[in-house]
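Scroll down for the structure; my scribbles are underneath it.
The values are calculated or read from the model by the stated rules, or taken from the named source; none is laboratory data. Owing to the predicted nature of the structure, the values given are computational and were not obtained by experimental measurement. Positions of Cβ are backbone-derived with ideal geometry, glycine not excepted, and every protein chain shown enters the neighbour counts. In case anyone asks, the SASA skips ligands and DNA or RNA and just uses the protein heavy atoms, side chains included. Shrake-Rupley method; radii C 1.70, N 1.55, O 1.52, S 1.80 Å.
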Number of protein chains: 6
Amino acid sequence: MPARASGRAADALRPVRLTRHFTKHAEGSVLIAFGDTQVICTASVVERVPEFRRASGGGWMTAEYGMLPRATHTRSDREAARGKQSGRTQEIQRLIGRALRAVVDLDALGPRTLHIDCDVIQADGGTRTASITGAFVAVHDALSSLVAKGLLPRLPIADFVAAVSVGIVDGVPLLDLDYSEDSRCGTDMNVVMTGAGQFVEVQGTAEGVAFSRAELDRLLDLASRGTAALIAAQRQALGVPA
Amino acid sequence: MPARASGRAADALRPVRLTRHFTKHAEGSVLIAFGDTQVICTASVVERVPEFRRASGGGWMTAEYGMLPRATHTRSDREAARGKQSGRTQEIQRLIGRALRAVVDLDALGPRTLHIDCDVIQADGGTRTASITGAFVAVHDALSSLVAKGLLPRLPIADFVAAVSVGIVDGVPLLDLDYSEDSRCGTDMNVVMTGAGQFVEVQGTAEGVAFSRAELDRLLDLASRGTAALIAAQRQALGVPA
Amino acid sequence: MPARASGRAADALRPVRLTRHFTKHAEGSVLIAFGDTQVICTASVVERVPEFRRASGGGWMTAEYGMLPRATHTRSDREAARGKQSGRTQEIQRLIGRALRAVVDLDALGPRTLHIDCDVIQADGGTRTASITGAFVAVHDALSSLVAKGLLPRLPIADFVAAVSVGIVDGVPLLDLDYSEDSRCGTDMNVVMTGAGQFVEVQGTAEGVAFSRAELDRLLDLASRGTAALIAAQRQALGVPA
Amino acid sequence: MPARASGRAADALRPVRLTRHFTKHAEGSVLIAFGDTQVICTASVVERVPEFRRASGGGWMTAEYGMLPRATHTRSDREAARGKQSGRTQEIQRLIGRALRAVVDLDALGPRTLHIDCDVIQADGGTRTASITGAFVAVHDALSSLVAKGLLPRLPIADFVAAVSVGIVDGVPLLDLDYSEDSRCGTDMNVVMTGAGQFVEVQGTAEGVAFSRAELDRLLDLASRGTAALIAAQRQALGVPA
Amino acid sequence: MPARASGRAADALRPVRLTRHFTKHAEGSVLIAFGDTQVICTASVVERVPEFRRASGGGWMTAEYGMLPRATHTRSDREAARGKQSGRTQEIQRLIGRALRAVVDLDALGPRTLHIDCDVIQADGGTRTASITGAFVAVHDALSSLVAKGLLPRLPIADFVAAVSVGIVDGVPLLDLDYSEDSRCGTDMNVVMTGAGQFVEVQGTAEGVAFSRAELDRLLDLASRGTAALIAAQRQALGVPA
Amino acid sequence: MPARASGRAADALRPVRLTRHFTKHAEGSVLIAFGDTQVICTASVVERVPEFRRASGGGWMTAEYGMLPRATHTRSDREAARGKQSGRTQEIQRLIGRALRAVVDLDALGPRTLHIDCDVIQADGGTRTASITGAFVAVHDALSSLVAKGLLPRLPIADFVAAVSVGIVDGVPLLDLDYSEDSRCGTDMNVVMTGAGQFVEVQGTAEGVAFSRAELDRLLDLASRGTAALIAAQRQALGVPA
């Protein structure tokens, strides 16, 4: 496979770093790096559920996403100052929430809410996939702390989950796009997969020309390989062998 | 294939109706029905472009989406009264805009903006896919009117575009889900395709259990068949043979 | 009387059409047309009352109004996207609510709320008067459905109610102004009246020159005639003889 | 005529006081009292016009209205803190603006805007009619100051304008309702009239039972008498004989 | 000491006027004037406490601040129309609330809230210090009315509180700056003090050059003198000897 | 002096760490730690000035402040999601901006704006003083980069600036309060000082009992000592000897 500007192979991830216990207050707190992309992911336990889950006896999990104004090449407006979250922000935080809910047994969580916060402190492409991958580790830590305190009998987690971006740049399918690749990319796809290799989300968009079924297949192959490697990194960080 | 509650085959669309010139002011105005789902799609020409396109000399196209409060089983809040659009609304209108921009040559449009408005007056599943499919016809009419007035030398449309939902309900892959199917569905996917059978968007979500590569493949097959039939319906409504 | 651009007599209404059961989910759903002005009016029953009515044991009724962005000659901003309803919108929806509350016995409604939604899909003058006239039929249908289900012993409606605009154009008092008349009009008045010929609202505004008592009297005569004809149309649509 | 709780005759105004030059910065600044209702009305000259008037070469005039939170019996929320103006506030400020624009020649105003601010410091019914009546005097002062500075050749005011409320309380038509009357009132009407006795606005609402043409006529008689007396008070305050 | 533009000595206050019972509905209502600065201060009793005080059994006190749009030299936007309070407004109303809470025994207030509203009707510098000084008198009246009605056994007020601005203008420390002094001032300080001469708030800001410890000391001396005089004026207005 | 829970002396700072070039995009990027309080401070150069500075030819500098939702013991709402910044946030960011503007020569900056962003990733008391102290280093780096690129002839910085909190806890004046001290503290003061030992801001608040002039003097002594030590740390981090 041809090398990229960074020297990476087309099917190689950027270096992944997972730093647990990054800040001290949250029940789960992880700094994840996909190369130069860095995201603080925290999972906070709140002993309360939203109205629509109250009758169920079970819990809820929701996610929010943000970027520091100067996480990017040029400064973007602070969403708190503008008074509203962009459509892009809302789309991403809805995606993170759905991805994590796919592997957590909310009914076994008891009447509590897990709040996931993913805050990008440095952006270089792939912030949403790094957020999902880091948030899983933070959620694992937060839920383990509930088990350790005797508040839950067992970890209500059905499987691991991780996400990666893939795309076609200058006709070549690439794994884990950085910003310079992402901005030249014809087709961009974010894929969320479980430890069992099943799909949770597939979101592919033709930015320029539409893509063929064969290209789609090749991108899904790359994504499977990438998420498997990310889940291995999560296992190692958590000390949970496969 | 097993029949559904509605008696439809698993790979059958609901009856599609496209009513052009539905309202009188818009340059393009279409009422589209996918069964009981009904959406008014208008395309409005405005002789102005947003700041970021000004230097280009070309045009722009953007979409907005809304639902009448009682388009649904129970009344939902009016977004104008609540003072903000939901994340779901923003996600859908961003999707519609991307889908249509994939087939319109904005550089050939001249310094004008096409505003697409998709307003759901009755909802029974598939409102976003009906919106995209109907909006294409409205855009075609609006751009044809510019050609007819001599404002454009030729139609700046590269291909047709249509969208359909597919999903796995009780283990069975189904085409074009209605509301009752959508609400019981394990995996839900919206697919946007061109007349040439290429993909513009693939958005698949596991609502409950994650899905396998084989299931994904089967859903993509159904979606290809469905969008081809929708594009045939667009051609017939517009009187444009393939 | 002199004919108008449309050929109508000065004291003639535009053709009125009332289509009941226009959409399927709402308890009352009516498409009303005053000529080219078309409004979808729905009445939704919600088994809950606002705080300030809770102690009373009775019900409440409230109205919201909107226009599709391209209901008008040139596209107007979507209020949901702008994040607030205009003063004009609020004024109109407050008027609709007051007009309907004047003829419905809220105390006899039980602890439920009727939400009226009037959404203009095509505008050619008189959208607020068409909304009131159509909303009455939708409310009648919604309340009749409660009687039919045994939830109310009898229809809590004291009288019919309808509304019409009148105005002075080029010195001539006219009934039921269309958009071209409305925009050239010196004095514009909206009048809401009951089946008994009593006044519920009189809202007259001198857009240019102030108007005399004699002119006001002539406009009120026209409005009485117009609302009587509209109430006859409501009766016919509902199959309720006078 | 029967006396009211206050001892006033049914056709009597409350004592009217107009204090010019009430605050020092505004070009026109008037404290108006209708009995216990007190409103500060200022007219501010700004050398700029809104976009839609720019091509015309003429000016613009607009009004805003507010109430101090404890102007009323019980404290109401501060609109600035809630982050939006109520529908009632918007309705009133639109009414004030239209009423004043009816007598000011905006084309003769030059490229400047008059901002009218009506702030209720104590409320006892009739705040919108007091606002219009006081605002006219403030506008007269502000425009006179432009004439005095040589910025305008003559006062661009076509006539005086004033407003009063009338209503039917316990079956008796009354002029200039105070709060206790207003809250028991079956029909409530605000009438804006010129010095020539012509109507600018008639806004009548049946709060409870609908009203007859005869009652409407009686209320209009009272309103004519009331506005004539208010215009006499304006003339006296301004030292402008009829 | 050198005289100022106004002829005042450097350590002299502007004339202070306190008008109690300025409006009729509020439990406490005071018009305070510091020279040409005029503020209406009301204290409203509401028989309810915010959530976070509910368990305590005690009460709460909070303040809001506003300016009429034309209280100033040039008209400023109405915050209610803009839809948000400025940072300056929020800073001031937080300051007023803290200042008053320092001398009122909230635990002895019972489960009720005092709402303080300070509305500037004419501004000439020192609006926040006039607000605090006037609000104390309004609060004293409101609490006295509760004692008079037997709702409180004794006045839950520990001490008087007043505020004044001091600053360095052209190198000279001055007491109670008016607008023209404030806008030329290098250092600006607002000081809130009790009847016992203790500090509640010290807020000093170098607008241009930083200030020395000696200058700070001199400003604190002036502020002590000024607040003592203001508290004497409060005592006189309330008829409460020291 | 008595030791504190942490073992620190009453007049001792917590360990201060300044990490320059913490993120890669901003012209200045600093992670500052005051003990467990950690703030990312960036300074971004934008080649544009706000309207009110355009005529001057000079530049502008402004600051924004935020906290990650789980920077604190319990999760707080995300301000971007709530749609507005709290009064506290606005107060802090206004303070940071004023503090930095006191030592930067905006006229010498040319027509560009420095945007300071202070984002708290972990909070343990003193976030606003850490923000100011770290922001100075970020601004120094950003301005140095402009000098290095030849865009400025010399560094437009007149002096260093740093900030520290002081307070009285259980009667003892303490320097640099951590969260547990801050929450038990009777008087809380934030002091901003220059390298020359002059005051830029003094903000002291009695949370419980008012404080005496002697206590104020003692707190100012502690603050002078603390800011001098912080400025020494800034000098060391920047490699700029005194």
Residue check for D:ALA148: over 12 Å from the mean Cα position of the chain (by Cα), aliphatic (A, V, I, L, M) and surrounded by fewer than 17 Cβ atoms within 10 Å (Cβ to Cβ) | yes
The range F:184-195, residues that are closer than 13 Å to E:VAL202 by Cα and either open to solvent by 10 Å² or more (accessible area, probe 1.4 Å) or among the aromatic types (Phe, Trp, Tyr) (or both) = F:ASP188, F:ASN190
If you go through the range D:147-164 one residue at a time, how many are in contact (Cβ under 8 Å) with a residue 60 or more places away in the chain and not aromatic (Phe, Trp, Tyr)?
-> 4
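Going by the structure shown, is C:ALA162 of a type in the set (Gly, Ala, Ser), under 15 Å from the mean Cα position of the chain (by Cα) and under 28 Å from D:GLU201 (Cβ atoms)? Talk me through it step by step, then tell me what you get.
Numbers: of a type in the set (Gly, Ala, Ser): yes; under 15 Å from the mean Cα position of the chain (by Cα): yes; under 28 Å from D:GLU201 (Cβ atoms): yes.
Yes; evaluated as a whole, the condition is true for this residue.
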Residues of the range C:95-114 being over 16 Å from the mean Cα position of the chain (by Cα) and of a type in the set (D, E, K, R), which ones?
-> C:ASP105, C:ASP107, C:ARG112
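Per-residue answers, yes or no, for (1) free of Cβ contacts under 8 Å to residues at least 40 places away in the same chain; (2) closer than 17 Å to F:GLY134 by Cα:
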| position | (1), (2) |
| --- | --- |
| F:VAL30 | no, yes |
| F:PRO50 | no, no |
| F:GLY58 | no, no |
| F:PRO69 | yes, no |
Matching residues in the range A:105-115 (away from chain F (no Cβ under 13 Å) and open to solvent by less than 40 Å² (accessible area, probe 1.4 Å)) number 4
Checking E:GLY110 against (1) within 30 Å of E:GLY57 (Cβ to Cβ); (2) modelled with pLDDT of 95 or more, the condition it does not meet | (2)
Residues satisfying the stated conditions in the range F:201-235, i.e. open to solvent by 20 Å² or more (accessible area, probe 1.4 Å) and in contact (Cβ under 8 Å) with a residue 24 or more places away in the chain = F:GLN203, F:GLU215, F:ARG218, F:SER224, F:ARG225, F:ALA228, F:ALA229, F:ALA233, F:ARG235
Any pair with Cβ under 7 angstrom, 6 or more apart, that starts in the range F:173-190 at a residue that is more than 12 Å from F:LEU219 (Cα to Cα) and touching a residue at least 12 places away in the same chain (Cβ under 8 Å) and ends at one that is assigned to a loop (DSSP other than H, G, I, E, B) and β-branched (Val, Ile, Thr) = F:GLY186/F:VAL209
Examine the range D:91-111 for a residue that is β-branched (Val, Ile, Thr), assigned to a helix (DSSP H, G or I) and in contact with a strand residue (DSSP E or B) (Cβ under 8 Å, 6 or more places away or on another chain), and state whether such a residue exists.
-> yes
Using the structure shown, decide if B:ASP77 is in a loop (DSSP other than H, G, I, E, B), out of contact with any strand residue (DSSP E or B) (no Cβ under 9 Å at 6 or more places or on another chain) and of a type in the set (D, E, K, R).
-> yes
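For the range F:75-89, give me the residue count where each residue is more than 7 Å from every other protein chain (Cβ to nearest Cβ) and more than 22 Å from A:LEU31 (Cβ to Cβ).
Start the filter on the range F:75-89 by keeping residues that are more than 7 Å from every other protein chain (Cβ to nearest Cβ), which leaves F:76-77, F:82, F:86, F:88-89.
If we keep only those that are more than 22 Å from A:LEU31 (Cβ to Cβ) as well, we get F:77, F:82, F:86, F:88-89.
Selection size over the range F:75-89: 5.
At the interface with chain C (Cβ under 8 Å from one of its Cβ atoms), surrounded by fewer than 20 Cβ atoms within 10 Å (Cβ to Cβ), touching a strand residue (DSSP E or B) at 6+ places or on another chain (Cβ under 8 Å) and of a type in the set (A, V, I, L, M) - does that describe any residue in the range B:52-68? Let's see the steps before the verdict.
Going through the range B:52-68, the residues at the interface with chain C (Cβ under 8 Å from one of its Cβ atoms) turn out to be B:64, B:66, B:68.
Cutting the leftovers down to surrounded by fewer than 20 Cβ atoms within 10 Å (Cβ to Cβ) gives us none.
Checking the range B:52-68: not a single residue is at the interface with chain C (Cβ under 8 Å from one of its Cβ atoms), surrounded by fewer than 20 Cβ atoms within 10 Å (Cβ to Cβ), touching a strand residue (DSSP E or B) at 6+ places or on another chain (Cβ under 8 Å) and of a type in the set (A, V, I, L, M).
Only helices (runs of 4 or more DSSP H) wholly contained in the range B:127-242 count here; list those with 3 or more residues that are facing another protein chain (nearest Cβ under 10 Å). Before the answer, list the steps.
On the way: elements: B:127-148, B:179-183, B:213-238.
Once the helices (runs of 4 or more DSSP H) in the range B:127-242 are filtered for at least 3 residues that are facing another protein chain (nearest Cβ under 10 Å), what remains is B:213-238.
Out of curiosity, is C:ASP170 open to solvent by 20 Å² or more (accessible area, probe 1.4 Å) and either touching a helix residue (DSSP H, G or I) at 6+ places or on another chain (Cβ under 6 Å) or under 30 Å from D:ASP105 (Cβ atoms) (or both)? Give the derivation first.
Working: open to solvent by 20 Å² or more (accessible area, probe 1.4 Å): yes; either touching a helix residue (DSSP H, G or I) at 6+ places or on another chain (Cβ under 6 Å) or under 30 Å from D:ASP105 (Cβ atoms) (or both): yes.
Yes.
Within the range E:72-94, can you find the residues that are of a type in the set (A, V, I, L, M), surrounded by 19 or more Cβ atoms within 10 Å (Cβ to Cβ) and more than 17 Å from the chain's Cα centre (by Cα)?
Initially, the range E:72-94 is screened for residues of a type in the set (A, V, I, L, M), giving E:80-81, E:92.
From the residues that got through so far, the ones that are surrounded by 19 or more Cβ atoms within 10 Å (Cβ to Cβ) too are E:80, E:92.
Within the range E:72-94, E:ALA80 is the sole residue that qualifies.
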State yes or no: is B:PRO153 under 22 Å from A:THR194 (Cα atoms), open to solvent by 10 Å² or more (accessible area, probe 1.4 Å) and not small (Gly, Ala, Ser)?
-> no
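When you go through F:CYS41, F:CYS118 one by one, which is the residue that is within 13 Å of another protein chain (Cβ to nearest Cβ), of a type outside the set (A, V, I, L, M), touching a residue at least 40 places away in the same chain (Cβ under 8 Å) and in contact with a Gly (Cβ under 6 Å, 6 or more places away or on another chain)?
Values: F:CYS118 fails: in contact with a Gly (Cβ under 6 Å, 6 or more places away or on another chain).
From the options F:CYS41, F:CYS118, the qualifying one is F:CYS41.
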Looking only at residues in the range F:94-128 that are touching a Leu at 6+ places or on another chain (Cβ under 9 Å) and of a type in the set (Lys, Arg), which one is nearest to F:PRO156 (Cα to Cα)?
-> F:ARG112
Across (1) over 22 Å from A:CYS41 (Cα atoms); (2) polar (S, T, N, Q); (3) open to solvent by less than 30 Å² (accessible area, probe 1.4 Å), A:GLN198 clears everything bar (3)
Residues of the range C:121-167 being of a type in the set (Lys, Arg) and in contact with a helix residue (DSSP H, G or I) (Cβ under 6 Å, 6 or more places away or on another chain), which ones?
-> C:ARG128
Only one of these conditions is not met by C:THR72: (1) at pLDDT 95 or above; (2) assigned to a helix (DSSP H, G or I); (3) within 14 Å of chain B (Cβ to nearest Cβ). Which number is it?
-> (2)
Of the conditions (1) touching a Cys at 6+ places or on another chain (Cβ under 8 Å); (2) surrounded by fewer than 21 Cβ atoms within 10 Å (Cβ to Cβ), B:LEU177 clears all except one; give me its number.
-> (2)
